[in-house]
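This report refers to the structure that appears directly beneath it.
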Amino acid sequence: MKRRKMKNKLGLGCLCAVCCLLLAGCRTSNLPAAGGTETVNLRKTEEIFFHSLQKQAFRYGTLSAKIQLELTLAGGKTFSSRANLKIRKNDWIQVSVQPLLGIEVFRLELCPDSVWIIDRLNRRYLAENFARLADSVQVDFNFYNLQALFTNQLFLPGERQVPENAVDRFGWERTETGYTLQTRDGAEWSYLFTAGKDEKLHASEIADSVSHHSTLWEYADFRPVGTQLFPMKVNAGWFEGEEVKGALSLNYTRVDVDVPVEIRPVVPSGYERMNLLQIKKMFEQP
């Protein structure tokens, strides 16, 4: 599958990417044929790069960020807003959309087994099992994989973490700017990670060669957060074939790590419960 650049197609990626990914392969590259010493040297080079990439991965216990986001929906409708992102590693993700004066209008909350969406404007909410949503489109994508997308990290589909000895679980291709790492899940979705010579991930793409649905996250503008580098700009989008179905731009204005964050899912009384189809239509309406 041909990798697409986001350029001017920007949008609220965190909210829509997860919904469209769970509601809805890349080409498999092999190392050039080689034998003997050349094969051993290639293997060593890949191992060194893999361990450096993992060592340079962003480390945190909690993450709290302020974001300026822009969402583009199907039909070209756009929406811009401030938002707050909070993450307790391996436990909880919360995105709160607050367009004006800190007043929340939309919230997405996820934990390893559940997803909540609260639409305050229309007084509606969704509460679903994360695994059931993934199973509905037969994709090995879980909470920990989504957490990795938010925090610019490599992941293995359906798994909690990437083991230290997982170098052989990816297909490798050397490029002018670094490497691409590729893997597939049990449902034959393809996962392509583009890493630069700076030992940072610059793009993560997930695609299904059968349905031709895909999502792409691109990372840029790496800046210091404490002693580490974090991508202050994220462009994400989802596609059906070559058609852009939605897109997102996340511009981080502040990122704090390892400070206490309070996250509690609260569904206001009197809200109507939505189903998955209603959510899908909400993001696809022109």
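The values are calculated or read from the model by the stated rules, or taken from the named source; none is laboratory data. From a predicted model like this one, the values you see are computed outputs, not experimental measurements. Cβ sites come from the backbone with ideal geometry, for glycine too, and all protein chains shown count toward neighbours. Heads up: the accessible areas ignore ligands, DNA and RNA and are worked out on the full protein's heavy atoms, side chains in. Shrake-Rupley method; radii C 1.70, N 1.55, O 1.52, S 1.80 Å.
Each peptide in 153-163, 230-240 was scored by the mean count of other Cβ atoms within 10 Å over its residues; highest first, the order is 230-240, 153-163. Model label points for R174 and S81, set 7 angstrom from Cα along the Cα-to-Cβ axis, are 4.7 nm apart.
Cα extents for segment 76-118 along the principal axes, largest to smallest and rounded to whole angstrom: 31, 24, 15.
Solvent-accessible surface (1.4 Å probe) assigned to K245 amounts to roughly 50 Å². Can you tell me how segment 82-207 classifies by the Cα gyration tensor, rounded, prolate or oblate, using a/c under 1.5 as the rounded cut? Judged from the Cα gyration tensor, segment 82-207 comes out prolate (a/c at least 1.5, a/b above b/c). Rounded, prolate or oblate: which fits segment 67-146, taking a ≥ b ≥ c as square roots of the Cα gyration tensor eigenvalues, rounded meaning a/c under 1.5, else prolate when a/b beats b/c? It comes out prolate by the Cα gyration axes. Does segment 157-252 come out rounded, prolate or oblate, given a ≥ b ≥ c as the square roots of the eigenvalues of its C-alpha gyration tensor, rounded meaning a/c under 1.5 and, failing that, prolate meaning a/b above b/c? Because a/c hits 1.5 or more and a/b fails to exceed b/c, segment 157-252 counts as oblate.
The eigenvalues of the Cα gyration tensor, multiplied by 5 and square-rooted, give segment 185-227 an equivalent ellipsoid with semi-axes of 28, 10, 8 Å from largest to smallest. Solvent-accessible area per residue in segment 47-170 equals 45 Å², computed with a 1.4 angstrom probe and all protein chains kept.
For segment 120-249, a crude dipole built from +1 on the beta carbon of Lys and Arg and -1 on the beta carbon of Asp and Glu, taken about the Cα centre, is about 680 debye to the nearest 20.
Distance from the Cα centroid of segment 219-264 to that of segment 93-166 is 14 Å (rounded to whole angstrom). Rounded to the nearest Hz, the phi-derived 3J(HN,Hα) couplings of segment 115-127 under the Karplus curve 6.51 cos²θ - 1.76 cosθ + 1.60 (θ = phi - 60°) are 10, 10, 10, 10, 9, 6, 5, 9, 6, 9, 8, 10, 9, where x marks glycine and proline.
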